[in-house]
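One structure is given here, and the rest of the page talks about it.
The values are calculated or read from the model by the stated rules, or taken from the named source; none is laboratory data. A quick note: this is a predicted structure, and the numbers were derived from the prediction, not measured. Methodologically, a virtual Cβ is constructed for each residue, glycine included, from the backbone with ideal geometry; neighbour enumeration extends over all protein chains shown. Ligands, DNA and RNA are excluded from the accessible area calculation, which covers all protein heavy atoms including side chains. Shrake-Rupley method; radii C 1.70, N 1.55, O 1.52, S 1.80 Å.
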Amino acid sequence: MAEHREESLLEKITEKFHGGDSSSVMDSDDDKSSRGPSAGGKAKIYRLFGREKPVHKVLGGGKPADVFLWRNKKVSASTLGAVTAIWVFFELMEYHLITLVCHSLILSVAIIFLWSNATTFVSKSRPHVPEVSISEDLAVNTVLSLRYVINRGLVALRGIASGRDPKKFLAVAAALWVLSIIANCCSFLMLFYIAFVALCTVPVLYERYEDRVDAFAEKAEAEFKKHYVVIHVKYLSKIPMGPLKDTKFQ
């Protein structure tokens, strides 16, 4: 009897442990199945410059983004044509801005003057010339917005120059160097026109071939990181890094 009781007690203990193990295994399996791909998360798709929003949102949304992405082809074509006409007028025909403003004002004032005096001979009312003025709120808001942008740029430049992020420093230095070479070869108006044409072509082409461009950019970034690690180990890691306090601005 004693042996039988011992055997039954051992069987209960083993069943308890095996049952607990199996239940724990089943619970863990259930947890994994309930989590599914949402717990582990889907493989993050690489996007150019690490963006997480659509191209339309990156460009600010609204009508300017619609123009750059050719949502309305007539409006986009008209805008590009108008900018091209201005570029041809000033760059190729070498017409100066001050000269254009003066001639436009002379023509406008002369037309209104002749129209106002001609009404006395044809017995018609004088034309109504609207009053044009800049409101104080608009001027103050424009200056405050410009001040905020300038302060952000100065803080960013200070952070880059502090030496805390060598990668960002190299990227900014390379970009400014390329921009200086381009600016040395063409005028400001030409540079503005090139930038505008790029805004009207590059985003829409990128949106159309987004997957191919992102795949190529991912490979290029991987190669860049390999070379950067070598440069960082040999040279940049030996540069002393100074502390920089965070600057608050409004």
- Share of the stretch 108-233's accessible area from carbon and sulfur, percent, 1.4 Å? 70 percent
- Query: What nm value, rounded to one decimal, do you get for the distance between ASN141 and ARG51 when each label is placed 7 Å out toward the C-beta?
  - Reply: 2.7 nm
- Message: If you average the alpha carbon positions of the stretch 80-111 and of the stretch 115-175, how far apart do those two centres end up, in angstrom?
- Response: 21 Å
- With point charges of +1 on the Cβ of Lys and Arg and -1 on the Cβ of Asp and Glu, referenced to the Cα centre of the stretch 140-230, which listed residue (ALA174, VAL202, ASN141) lies farthest in the positive direction of the dipole? ASN141
- Above-threshold pairs, the threshold being 27 Å between Cα atoms, out of LYS57/LYS219; LYS73/LYS219; LYS63/LYS225: LYS73/LYS219; LYS63/LYS225
- Message: Tell me the per residue accessible area of the stretch 128-214 using a 1.4 Å probe; a whole number in Å² is fine.
- Response: 78 Å²
- Given 37 °C, 0.692 mPa s and a Kirkwood radius over Cα pairs, the Stokes-Einstein diffusion coefficient of the stretch 73-147 in µm²/s is 198 µm²/s
- Please report, in Å, the Rg and the Dmax of the stretch 154-244, where both are computed over Cα atoms only. 17.1, 45
